[in-house]
Structures are given as C-alpha cells and as structure tokens.
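The values are calculated or read from the model by the stated rules, or taken from the named source; none is laboratory data. A quick note: this is a predicted structure, and the numbers were derived from the prediction, not measured. All Cβ positions, glycine included, derive from the backbone under ideal geometry; neighbour counts span all protein chains shown. Ligands, DNA and RNA are excluded from the accessible area calculation, which covers all protein heavy atoms including side chains. Shrake-Rupley method; radii C 1.70, N 1.55, O 1.52, S 1.80 Å.
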Amino acid sequence: MFALNFNKTIMPIFYGKATLTEFLNSVKTSNSTIGFVPTMGALHQGHLSLMQQSLTENQHTVVSIFVNPTQFNNPEDLEKYPRTLEADTQKIASLDPNIIVYAPSVEDIYEGNVTSQDFDFDGLENQMEGKFRPGHFNGVGTIVKRLFEIVTPTNAYFGEKDFQQLQIVKKMVHKNHLKVNIIGCPIFREANGLAMSSRNERLSATEREQAAVIYKILTAAKEKFKTQNCEEVKQWVEKTFKTNEMFDLEYFEIANEETLTPCEAKLKDKNYRAFIAVFVNNIRLIDTISLK
Ligand code: PAF
C-alpha cells in the first residue's frame, strides 16, 4: 500500500489486488457496505459526484483508476487517453481522505492474458457504441466483472452519460447473479452544456467551447420529438451536422431506453432516449438525453 499524506490524513492507495483485499477484510464488518466507483482516471466533477453519493450511502468507498486496454478498439485512443494519477488522487483526497483508491497495473488485473471474455448482453451490445466500437462492451464486461470480484462492492455507481454501458452492466449483473446493486447517476455538464468527460481534457479551448453544440442539438432534438417522428428528427440532426465543419457526426440514434433498439415508430408506453457520438479533431465525444 502507498499512503498519500493529505493534510495530515493518510489516504490509502493500493496498486495490487492482494493488499487491497487484505485491507478491505480488515476494515469491513458483517453489516458494513462497500460503495464502488470504477473509473479510468482523469477525474472530473461527474466522477466526484458518484464518489459523493457512494460516501453518503456506504460505510466504505473504493475508487478504481485503471485505463482498461481491452475496451479500446482504437490503439490511438488508448495511447492518448489522459493518465493523471497524481492529480486524481489529490482530487479524491480533497473530497474525503478515507476513500480507498485501487490503481492496479495491467498485470495485476489481467495476469499475463490481456483478453476479453465473450458476453451475451441480449442484444444490448449490438447498437450504437457496440456497433461502432467492436469488442468494446466485452472489454467493459470483463473489467467490471473482475473489479467486482476484487472489490466485492455492495453498491456500484455509474454515470448515465454512458447510458448503454449502464444498461449492459445491469444485464451482466443480472445474468451472472452477482450480488451488487448498480446505481445510475445523472450526467454532469460544463457551464456551456458539454457533458463532462475525461476526453474533454484533450480538447483545445476553442473545441471545448464549440462542443456546446452537441447538447444544444440534443435539446433541440428532444423538442422536435414532441411533434415529429423518429426518422424526421434523425434526418434533422444529420443535416445540421453536415453544415458544421468542426464536428463529424458518427451516429445519432433514438432508441427504446430499455432494449436500446432503434425507434421505428413511437409507442406510447415506451420511453425513448437520444444517443450521439461526434468526432472533433479525432477526439470522440458521446452524449445522451432522455426524450420523456
Ligand atoms: O466508464 C468508464 O470509465 C469505464 O468504462 C469503466 C466502467 C471504468 C470500465 O473501465
């Protein structure tokens, strides 16, 4: 264990699963709960809000910081993913120095076999992110399941920005009978509406400012969805992005919130959600909005 001395309080940081497990066994009791926030680091206010919720609802909170190689289908994206462990641990310690940090190496997690398990998520994986990032959700399923085995959380917190990931994790937990509650938490946005994301770190000041257009278009699409059908809204979004030289639309989809299947005709008793992925200067940004 490495201990960060923060304002005279020691924050526990573990780089290996064996010492983390030993520590957790020494602090947890038969009725204490462990809240878990899995992250890939480059922490922002959205992550800190998940930690805050976990602190409120559990006796112990564990945060993992691990850039998981098996969920990246694009090697450049993996290489350029921001890695800011020191700043991240300072942010966590400022929030609460009792938070337990697990920052493993690839070896500690994968033990020489950096591959994904094959999952069946009942088709949730075939749409949107799964369609455009082949293998991504097998990588997510693999790491989340492994982290759950190591941390043994009672409650695990995931942001709704990655709404498809949230649904997929819930499916994996259900299908594997894992004893953990999955809690979805609201999206945190910058002042201009841009959804907070670790990838925002890679944007220039101008790109970050201009990226406000993503949320503006999502909110306009939500308004249009009240009177127009799914195809009309989709076409409007696609046409709007064609006139924008800074951003390349990868997909815009309106899908059933539960099954994630694309909306063909609106059904009264179903909830719909819009999903978007956009490239700016090779940096991929995603966002989502409920259309209810
Ligand atoms: O959402 C993320 O940051 C990652 O997909 C997660 C859940 C930490 C797994 O690597």
Next item on the list: Treating only the Cβ atoms of Lys and Arg (+1) and Asp and Glu (-1) as charged, compute the dipole magnitude of segment 149-244 about its Cα centre; round to the nearest 20 debye.
Entry: 220
Margin query: Counting each pair of different Cα atoms once, what's the Kirkwood radius of segment 108-257 in Å, rounded to one decimal?
Written below: 17.7
Check: Could you name the lysines in cross-link range of K242, using Cα to Cα under 19 Å and dropping any fewer than eight places away on the same chain?
Finding: K216, K224, K234
Item checked: Mean separation of Cα contacts under 8 Å (6+ apart) over length of the chain, as relative contact order % -> 17
Notebook entry, point to check: In µm²/s, what is D for segment 191-274 at 20 °C and 1.002 mPa s, where D = kT/(6 pi eta Rh) by Stokes-Einstein and Rh is the Kirkwood radius from Cα pairs?
Noted result: 152
Check: Taking the convex hull of the alpha carbon atoms in the chain, what volume per residue do you get, in Å³?
Finding: 137
Note to self: What whole-number distance in Å separates the alpha-carbon centres of segment 238-271 and segment 121-144?
What the structure shows: 18
Item checked: 14 Å beta-carbon shell around P69, net charge (K/R +1, D/E -1) -> -2
Next item on the list: May I have the convex hull volume per residue, in Å³, for the Cα set of segment 1-105?
Entry: 110
Check: About the Cα centre of the chain, what is the dipole size in debye to 20, counting +1 per Lys and Arg Cβ and -1 per Asp and Glu Cβ, all else neutral?
Finding: 660
Notebook entry, point to check: How far apart, in nm, are the 7 Å Cα→Cβ label points at A191 and Q117?
Noted result: 4.5
Checklist line | Solitary cysteines of the chain, where the nearest other Cys Cβ is not under 4.7 Å | finding: C185
Margin query: From the helices alone, meaning DSSP H stretches of at least four residues, give me the mean residue ellipticity at 222 nm for the chain, per-run term -39500 (n - 2.57), in deg cm²/dmol to the nearest 500.
Written below: -11500 deg cm²/dmol
Next item on the list: Whole number in Å², please: accessible area per residue of segment 44-158, 1.4 Å probe, ligands, DNA and RNA not counted.
Entry: 42
Item checked: Accessible surface of the chain, 1.4 Å probe, proportion on carbon and sulfur as whole % -> 49
Checklist line | Where labels lie 7 Å past Cα in the beta-carbon direction, separation of E231 and S32 in nm | finding: 5.9
Check: Where does the charge balance sit around L291 when Lys and Arg score +1, Asp and Glu -1, over other residues with C-beta under 15 Å from its C-beta?
Finding: -1
